[in-house]
Amino acid sequence: MRRVRVGIVAPGSRLDPSAAQRVVALAAEHCPEVELYVHPQCQMSSGHFAGNDAARIAAFVEIANDASFDAVWFGRGGYGSCRVAEAALPQLNDAARQKTYLGYSDAGVLLAGLYAKGFQGVAHGPMPADITRDGGDEAVSRALAYLSHRAADTLEPSLASARGAVAFNMIILSQLIGTPLQPDLTGHVLMLEEVSEYMYRIDRTLFHLTSIPAIRRAAGIRLGRCSAIPPNEPDFGQTEVEIVQHWCRVSGIPYLGRADIGHDAANKIVPFGGPRSA
């Protein structure tokens, strides 16, 4: 099997060193065809961030533009990708266009910007920081199997259909609308997930997203898991499924059912635009 070289960078929050070590050890034992390089920037600290904006931009551009790497794996979510994306993306070269980019949550900002610029190897999926979750070894192994040989069993099951798809955290996508990072999602199945947001915020975010003419050109919406929802006082009175179904009816966007994605170890991989071979 071909050896795959993967660079890990942290465009937002810092990647815990012990988590990084566990991921490298797991790859060495169970997926030796994947060579992981954890960029030193991942362990930098500048307030909330894994180094200041300039350091995070430099690390991402360095790995993306290096033709010896096959993939960029975003180390964790948190917050901070929006502070670097617009400055970093114009610096990418032809070698960067040949790579796979894998992550989710806050990293969705960069995934969106890359996809908007025509990059073909963009995918939503587990990150190294997920190894700290219950079942985290399984999540990281899934990502490694995708990075090494595009294993079919790593993919979100509904991707068996012919239509292209994308996957985002709801809040992240909502805040990208109207920016230069917004991709054209015409004809795509839009998979959405959320974590740690009140039900009324999920409702308000879906109002915003489904009201946007560009989003109404999507082929439909699939709802991933909405987890760790804080209790609302009084109770909101609708589930996340009922909320999505409501806004799909209002907007005319087809509701297509559930998606096997979320902020958890079961999070499946969604290649933007549809599955591609390694």
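The values are calculated or read from the model by the stated rules, or taken from the named source; none is laboratory data. Everything quoted here is computed from the prediction, not taken from an experiment. All Cβ positions, glycine included, derive from the backbone under ideal geometry; neighbour counts span all protein chains shown. We work out accessible area using only protein heavy atoms, side chains counted, and drop any ligands, DNA or RNA first. Shrake-Rupley method; radii C 1.70, N 1.55, O 1.52, S 1.80 Å.
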Take the Cα pairs of the range 58-132, get the Kirkwood Rh, then feed it into Stokes-Einstein at 20 °C and 1.002 mPa s and tell me D in µm²/s.
175 µm²/s
Under 11 Å from a point 7 Å along the Cα-to-Cβ line of Arg163: which residues of the range 234-254 have their amide N that close?
253-254
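Rounded to a whole number, what is D in µm²/s for the chain from Stokes-Einstein with the Kirkwood radius over alpha-carbon pairs (4 °C, 1.567 mPa s)?
Once the numbers are plugged in, D ends up at 69 µm²/s.
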Which helices, taking whole DSSP H runs in the chain, have alpha carbons extending 15 angstrom or more along the helix axis plus mean Kyte-Doolittle at least -0.5?
17-30, 53-65, 136-149, 199-211, 240-251
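If you place +1 on the Cβ of every Lys and Arg and -1 on the Cβ of every Asp and Glu, how big does the dipole about the Cα centre of the range 87-163 come out, in debye to the nearest 20?
Value, rounded to 20: 400 debye.
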Please report, in Å, the Rg and the Dmax of the range 103-246, where both are computed over Cα atoms only.
15.6, 49
Of the heavy-atom accessible surface of the range 1-55 (probe 1.4 angstrom), what whole percent is carbon and sulfur?
54 percent
Probe 1.4 Å, protein heavy atoms only - accessible area per residue of the range 49-134 in square angstrom
33 Å²
Measuring with a 1.4 Å probe in the full set of protein chains, what accessible area per residue, in whole Å², belongs to the range 157-210?
40 Å²
Nearest-5 percent of antiparallel DSSP beta bridges in the chain?
10 percent
Give me the extension gain from Arg97 to Asp134: residue separation times 0.36 nm, minus the current Cα-Cα distance, reported in nm with one decimal.
9.9 nm
Modelling each spin label as a point 7 Å along the Cα-to-Cβ direction, I'd like the Lys117/Ala152 distance in nm, to one decimal.
3.4 nm
Computed over all unlike Cα pairs, the Kirkwood hydrodynamic radius of the range 211-278 in Å stands at 14.1 Å
So, with a 1.4 angstrom probe, what is the percent of accessible area on the range 155-260 that is carbon and sulfur?
54 percent
Above 20 Å lies some portion of the pair distances; for the range 10-81, what is it as a whole percent of all C-alpha pairs?
30 percent
Please provide three numbers in whole Å: the alpha-carbon extents of the range 162-205 along the principal axes, with the largest listed first.
33, 26, 13
Using the charge dipole of the chain (Lys, Arg: +1 at Cβ; Asp, Glu: -1 at Cβ; taken about the Cα centre), state which of Gln98, Val38, Ser13 has its Cα farthest towards the positive end.
Gln98
Where Lys117, Lys99 fall by accessible area, highest first, once all protein chains stay in place (1.4 Å):
Lys117, Lys99
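Taking 1 over the mean of 1/r across every pair of different Cα atoms in the range 113-177, what Kirkwood radius in Å do you get?
13.6 Å
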